[in-house]
Amino acid sequence: MVVLPVFLQAPWVRLDPFSATLFTAVLIGVGLVLHRSRSQTASDLGSLLVGFSGSWLAGCIFWGWLRAHPVLHLPIEAFALPIALGGLNGPWRLAATFYLSSLVGTACTDLAMAATGVMRFWPSVVTASLDQAPLLLHAAGMQLLNPIPILLLIAAATAIVVVSRRLNQRGTGSMASAVLLTTLWVDGLFLLTALIQPSLSGLIE
């Protein structure tokens, strides 16, 4: 659920943002049905799908129509923040935890991009031609290989790992820990893809 938005949703949204956005209803519908199941496993999966649907909808809106404006990324991703906070103490706690964990992971990624100076490449990459976009994305990846960006990334990754280990010791915190660690893994994979094969990153049309 953390990997899909990066490598499946982004290309789908650019191809047909309306169908990708409408798919949110399918996620919610399946989630609600599963959540009513007598099986605890199915019920938990349903709750996770509902939580995931919030991230999916926000991603569709951003990548479909506003992807050239990175400053709007986090605010759009956080559209369901009040609902998620309210759901932490009810039957939808798992859904809320997944959504909030994904939001924290997104915030960490965006802040790291801003701190390392690669955020400035974002608008150019997503609006460039097929010939220019891979070169720009590769340049953004190379920017991260400078000493200061590398130190910042190591510090951020270390902080995420430490927080994740602490969360892993608490109830639904284990799921939050998994989401954060997977976000870190996906960010690393994205960087590797940007350096080796930019066209597979999901950002290029």
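Any read-out appearing in this document is the output of simple, stated calculations on the displayed coordinates, not a laboratory observation. Bear in mind the structure is a predicted one, so any value in this text is a computation, not a measurement. For neighbour counting, all protein chains shown are included, and Cβ atoms are generated from backbone atoms with ideal geometry for every residue, glycine included.
Quick look at the values:
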read-out	value
Cβ crowding within 10 Å averaged over residues, with 183-191, 54-62, 17-25 ranked highest first	54-62, 183-191, 17-25
Karplus 3J(HN,Hα) series, Hz, for the stretch 81-91 with 6.51 cos²θ - 1.76 cosθ + 1.60 (x for Gly, Pro)	4, x, 5, 5, 4, x, x, 5, 9, x, x
Relative packing of peptides 40-52, 76-88 - highest average C-beta neighbours within 10 Å first	40-52, 76-88
Nearest 10 degrees, 0 to 90: helix 173-196 Cα axis against the chain principal axis	20 degrees
Pair THR158, LEU145: separation of 7 Å Cα→Cβ label points (nm)	2.3 nm
THR158, THR193 arranged by Cβ crowding within 10 Å, fewest neighbours leading	THR158, THR193
Protection proxy ranking of 8-15, 101-108 - average other beta-carbon atoms within 10 Å, highest first	101-108, 8-15
Under the Debye formula (equal points on every Cα, no solvent term), log10 I(q)/I(0) of the chain at q = 0.13, 0.19 Å⁻¹	-0.74, -1.42
Theoretical ellipticity at 222 nm over the chain - DSSP helices of four or more residues, -39500 (n - 2.57) apiece, nearest 500	-23000 deg cm²/dmol
Dipole magnitude of the chain, debye to nearest 20 (Cβ charges: Lys/Arg +1, Asp/Glu -1, about Cα centre)	580 debye
